[in-house]
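What follows is calculated from the coordinates using simple rules that are stated; it is not laboratory data. Since the model is a prediction, treat every value here as computed from it, not as a measurement. Neighbour counts run over all protein chains shown; Cβ positions are idealised from the backbone, glycine included.
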Amino acid sequence: MFNESSHQLDSSEPHDSSTSMTKRHNNLDAAIDKAQKELIGLQDKDGFWVFELEADCSIPAEYIMMMHHLDDIDVELQKKIAVYLRSRQSEEGHYPLFTGGEGDISCSIKVYYALKMAGDSIDAPHMEKLRNYVLSQGGAAKGNVFTRIILAIFEQLPWRGVPYIPVEIMLFPKWFPFHLDKVSYWSRTVMVPLFILCTLKATAKNPNKVSIRELFLIDPDKEKHYFPERTLLNKVFLGLDKLGRITRPLIPNKIHQLAIDNAVAWFTERLNGEDGLGGIFPAMVYSYEAMLLLGYPKDHEHVVTARKAIDKLLVINENDAYCQPCLSPVWDTGLAALAIQEADKLANKESLTRAYDWLKSKQLSDEPGDWRIDRPNSEGGGWAFQYENPHYPDVDDTAVVAFAMADSNLPDLDESIHRATRWIVDMQSKNGGYGAFDIDNTYYYLDEIPFADHGALLDPPTSDVSARCAMLMAKVAQDHDEYLPALERTIEYIRTEQEEDGSWFGRWGTNYIYGTWSVLLGLEQTNIPKTDPLYTKAVSYLKKVQREDGGWGEDNQSYYDIEKYSGQYHYSTSFQTAWAVLGLCAAGEANSPEVKAGIDFILKQQLENGLWNDEGFTAPGFPKVFFLKYHGYDKFFPLWALARYRNELAKK
C-alpha cells in the first residue's frame, strides 16, 4: 500500500491549495499535449496505428527452424535472429515465456535447436547453460506437443511421441465428440495443416543435419512417457489414440485422399492473402509447409503469397531481428483513438476522422466466416484484429472500435456502430458472456485430449471481453432499447464472475488489474449505481494492490497462483497504472488519493519524447502457455489515463 503523503504531484504546497491545483493542471496539460502529439505523429498516413507485437522466443526460433526445414536459409537474417535470441536468455540460462518468468522447457528446446542451426557451438557458455537447464527438466522428451511435432519432423524423436491427429478428422460428423467446430478459431487454423504434416510424417530437409540428441536423457526411441496420464478422461483419450494408430492401415486410400482434399480446401479458402491463414504465425507456417509437402511448386500463387504473409511478421533492425506472432492494427487503432479523443476530441478531429475512415473500410459484413456456423442469419459487422482476417472477426476488437466511434461524436459513423452492435448481440453465448471469436465454445472435455497439453484449445466467454461488449451495448442502448435484453444478460454474467476480493479475471491482459479495469469501464456506461458491490468491491481491490510507489503492476505469475500474485509485480508499469486509474475514475474515485498517486507515477515515468517505455510481457496470448508484449500499450494507455483524470478534475 502506498504512502499518500509521499505521492502528491507537488508537495511544496498544501494538497488542496489553488496554487497546487494550478500546477497540477499545468503539469497535466503539458504531459498530455506532448504525449498526444507524439502518438498522433506515429499514425500511418492511411489513418491506422500499428505497433510491434512481441512474443516469447519460440516464434523467432521457429522461424529459423522453418528455414532449415525447407532448406531455404537466409544466412544474414538468421544471424540477426540469433543475436535477438541470445540477448533474451535469462541469467539462469533458460528461456521464460515472459520477462522475469520461470524457465519454459519447450521454449528453451526450440531456442537451443535454432541457435545450434545458426552455428552456435554446443560448448559455448550460453549453450551449455541452456542445455543443462533442459536436461534438469527431464530433457527434450518433456517438451510440449508442438515442440515434439517439430522434433519429429526433424527426426529427433519418433512419431509415436506425437499425438495421433489423422487428417481423416476432417471427415468426422458434427455430432462426433471431436469436431473442428468445437475448438477455437486459432486451434482450427493451426490443426488443419498439422493434420497433413503429421499424417504424412513430414521430414525436414535439415541441410546441415543438425541434431540435438544431447538434449535427451535417454534414447528418444526408448522413451515410454511422452503422454503422462492426467485424469480418467485423459486415459480414455490415450486409449483411443493407441487404437487409432493400430487401425490406421485399415483406412481406404480413397477416404484418406478425400480427407486430404478436404483439409486443403479448408485452409485454402482461409489463406487470407498476404495476411496469412488465421493471421497468426503458427497457422501460416504449417499451411506453407503443408502445401510444399503436397507437391505445390515454390512459384505457386498460394505458396508465394503464404511466404509473403509469414515474412510480413518480421521485425528487422540494424543488429537483430525477430518474428511477431501476428499484427494488431485494428486493436491498436481503436485504443489509440480512445486515448486521443479523451485528450481532445475537437483538436484531434482530423486524426480521429482518418482513423475511423480507415476502420470503416475494414468493417466486415457478408463475408464468409466460421462464426456463421452458429449464426447463419446474422448480417455481420465485426472487425478482425489484423489488417485482414475476414473469416475470424474479433468480438473484443469490434466492441472497442464501435464504442470508440460512438464516443467520438463524429458524423457518419452510426451505420458502422449499429451494424457492429447488432453483430455483438448475435455473438452472445448462452450464459450471457462473450468469447473472443466463438459462441459457446465450452467443450471443456477436449482439454483432456493428448493434443491439448497446452490447455488453450477453447475460446469460452470471459469477463474482459464481455465487459467491453456491455460497454458498447450500454452506450448505444441509450437511444436503442433493443440492445437492453442482451446487455442485462451480460451484466448478470459479469456479476457471477466477480472474484471474492472484488476483482475480475483478465483473459487477454495481465490479469486481475486488466480484468477489473475492463469491467469497471463497461459498468460505467450502465445505470448501475456506484454503490453496488460490483463497484465497491472492485475499488477496494484496486486500492489494496496499489504499490508503495503509487503505481500498479501485475506479474503473469498470477495466472499460476492467484492468491500470491493477484495484482502483484516486482515493479509498477505505466500502462497497468493507467488501467487502475481509468478503472477507479470509472468508479467515481477520481478525487481519491490513490488516483492522484497513480497519476503522479505516470507523470514521473514519462520520457522526454512524451511517451513511456515499459519492460515486460504483460498480456497473455494464452494464459500459462503464450505471452505477449504490446508495444503500443505504454504509448496510449498512460495518455488516456492522464486525459481522463484532467477531465474529471474539470468537472469540479
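Taking the charge dipole of the chain about its Cα centre, with +1 at Lys and Arg Cβ atoms and -1 at Asp and Glu Cβ atoms, the residue from 109, 163, 337 reaching farthest to the positive side is 163.
Longer than 26 Å from Cα to Cα, which of 80/142; 530/629; 360/530; 349/530; 34/345; 80/629 are they? Say none if no pair is. From 80/142; 530/629; 360/530; 349/530; 34/345; 80/629, over 26 Å: 80/142; 530/629; 360/530; 349/530.
Computed from point charges on the beta carbon alone (+1 for Lys and Arg, -1 for Asp and Glu), the dipole magnitude for the chain about its Cα centre is near 1340 Debye. Compared with the dominant principal axis of the Cα atoms in the chain, helix 301-311 is inclined by about 50°.
Seen through its C-alpha gyration tensor, with square-root eigenvalues sorted a ≥ b ≥ c, segment 490-592 comes out oblate because a/c lies at 1.5 or above while a/b is not bigger than b/c.
The percentage of C-alpha pairs in the chain whose separation is greater than 49 Å is 13%. Packing around the peptides 66-73, 203-210, 517-524, taken as the average count of other Cβ atoms within 10 Å per residue, puts them in this order, highest first: 517-524, 66-73, 203-210.
Counting only Cβ charges, +1 for Lys and Arg and -1 for Asp and Glu, the dipole size of segment 471-565 around its Cα centre is about 140 debye. For segment 340-480, a crude dipole built from +1 on the beta carbon of Lys and Arg and -1 on the beta carbon of Asp and Glu, taken about the Cα centre, is about 420 debye to the nearest 20.
Remark: 558, 592, 136 ranked as 136, 592, 558, counting other beta-carbon atoms within 10 Å and listing the fewest first. Between the C-alpha center of segment 113-156 and that of segment 401-479 there is a gap of 39 Å. Look at 330, 304 and count the other Cβ atoms within 10 Å of each Cβ; fewest to most, that gives 304, 330. With 18 Å as the limit, the listed pairs 116/209; 79/308; 182/254 have 79/308; 182/254 beyond it between alpha carbons. The order of 57, 585, going from fewest to most other C-beta atoms within 10 Å of their C-beta, is 585, 57. The angle separating the long axis of helix 75-87 from the principal Cα axis of greatest extent in the chain is about 60 degrees. Its Cα gyration tensor gives segment 538-621 an equivalent ellipsoid. The semi-axes, each the square root of 5 times an eigenvalue, are 20, 18, 10 Å from largest down. In the chain, the longest principal axis of the Cα atoms and the axis of helix 414-426 are about 60 degrees apart. Taking every DSSP helix (H) stretch of at least 4 residues in the chain, weighting each as -39,500 (n - 2.57) and dividing the sum by the residue count yields a mean residue ellipticity at 222 nm of -15500 deg cm²/dmol. Expressed in Å, the radius of gyration and Dmax of the Cα atoms of segment 372-447 are 13.4, 48. Judged by the gyration tensor of its Cα atoms, with axes a ≥ b ≥ c, segment 54-323 is oblate; a/c meets the 1.5 cut and b/c is at least as large as a/b. Enter the Cα centre distance for the pair segment 158-209 and segment 509-581, rounded to the nearest angstrom. Taking the Cα centre of each part, segment 158-209 and segment 509-581 sit 39 Å apart. Summing Lys and Arg as +1 and Asp and Glu as -1 over all other residues whose Cβ lies under 14 Å from the Cβ of residue 208 gives a net charge of -1.
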